[in-house]
Amino acid sequence: MRAQPQSGDLHTTSEIASQPECWRRAVEVAADPATAAALPRRGERVAVVGCGTSLFMAQAYARLREDAGHGETDAFAASEMPAGRAYDRVVALTRSGTTTEVLELLDRLRADVPTTAVVADPDTPVVALADAVVVLDFADERSVVQTRFATTAVALLRAHLGEDLGRVVADAELALAEPLPAGVAERRQFTFLGAGWTTGLAAEAALKMREASLSWAESYPAAEYRHGPIAITDDRSAVWVLGTPPDGLDRQVRATGGLWVARDRDALAELVSVHRLAVEVALGRGLRPDTPRHLTRSVILRGTG
């Protein structure tokens, strides 16, 4: 009989637990003059691209950068960036540095616009294609499912925008130490809500639940949730807000029988709690979140240009 996986046996578990320390190191990297030279300058018009988890991190950063007054910033899936738009810099987020869509885009952009890659592995093809590279090798992962690299990239970019991440790191340590919300792991449907920059984090939270635990998980801007998606919510559901929820939404969710989760914690740290939830639900279903079905560490397409 096949032994059930245990949390302590997983790369994912140790990678999730290492996030506060990775974020501290990201702050140090952001303070390096070479990093500052590689990342977007105030006033530049910027596009940020990625695939999967990196796309959602790109969306979060794009909104953070605009809200901080650093300049117009768009986020695209690497496969969907429009041709012909004028940017001062394109930033690619890619853990592996081998994702086909990212490499093809950077190759297309060569000589047209300065490019920067934020990557975990410096010995990958993206290094030869990007004009500048920021390496977060200390946040690389053995698990297929991304956790610490993605959040560390956001921590780096937030620090580069001038944020003090002291409270963010402290909140992440609490997210690791405190119990998960009572009853949340027993729910069978999960909806994650965000607003502004946290909309990207909500999308990533839902992706983690789908990848690691094969759960029915969705995400929406919080104000949009009442425009249809609330219809699926019942006593099997959990609705988890990353950020500040709209007034009155908690009462509407509770009226459906859904479990409401909203805490006064930085949204990036709340994502750490969702990482823990994804592992717990996966293990409860006899799954191994290190290696989800149908997924690989990097999407490398054969026969492409």
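The values are calculated or read from the model by the stated rules, or taken from the named source; none is laboratory data. Just so it is clear, the model here is predicted, and its values are computed rather than measured. Counting neighbours? That spans all protein chains shown, and the Cβs are built from the backbone with ideal geometry, glycine included.
When T99, T116 are screened for being of a type in the set (S, T, Y) and touching a Gly at 6+ places or on another chain (Cβ under 9 Å), only T99 passes. The set of residues in segment 144-201 being among the acidic types (D, E) and more than 19 Å from the chain's Cα centre (by Cα) consists of D164, E178, E186. Among the residues making up segment 176-202, those that are aliphatic (A, V, I, L, M) and either closer than 18 Å to R276 by Cβ or surrounded by 24 or more Cβ atoms within 10 Å (Cβ to Cβ) (or both) are L176, A177, L180, A182, V184, A185, L193, L201, A202. Are any residues in segment 45-91 crowded, with 17+ Cβ neighbours inside 10 Å, among the small types (G, A, S) and within 22 Å of E163 (Cβ to Cβ), and if so, which ones? A47, G50, S54, A58, A60, A62, A75 - these are the residues of segment 45-91 that are crowded, with 17+ Cβ neighbours inside 10 Å, among the small types (G, A, S) and within 22 Å of E163 (Cβ to Cβ). The single condition among (1) assigned to a loop (DSSP other than H, G, I, E, B); (2) in contact with a helix residue (DSSP H, G or I) (Cβ under 7 Å, 6 or more places away or on another chain); (3) not basic (K, R) that Y87 does not satisfy is (2). For beta carbons closer than 6 Å, sequence separation of 6+ or different chains, a first residue in segment 241-270 that is not assigned by TED's automatic domain parsing to the domain that holds F56 and at pLDDT below 95 and a second that is hydrophobic (A, V, I, L, M, F, W, C) and buried (at least 19 other Cβ atoms within 10 Å of the Cβ), the qualifying pairs are G243/A195; G243/A267; P245/A222; P245/A262; P246/A222. Residue pairs whose Cβ atoms lie under 6 Å apart, separated by 6 or more positions or on different chains, with the first residue in segment 179-194 and within 21 Å of A231 (Cβ to Cβ) and the second modelled with pLDDT under 95, are G194/G243. If the condition is being at pLDDT below 95 and among the aliphatic types (A, V, I, L, M), then segment 138-175 contributes V144, V145.
Please verify whether T124 is more than 23 Å from G71 (Cβ to Cβ), assigned to a helix (DSSP H, G or I), of a type in the set (V, I, T) and not assigned by TED's automatic domain parsing to the domain that holds A267, treating the condition exactly as stated. Answer is no for this residue.
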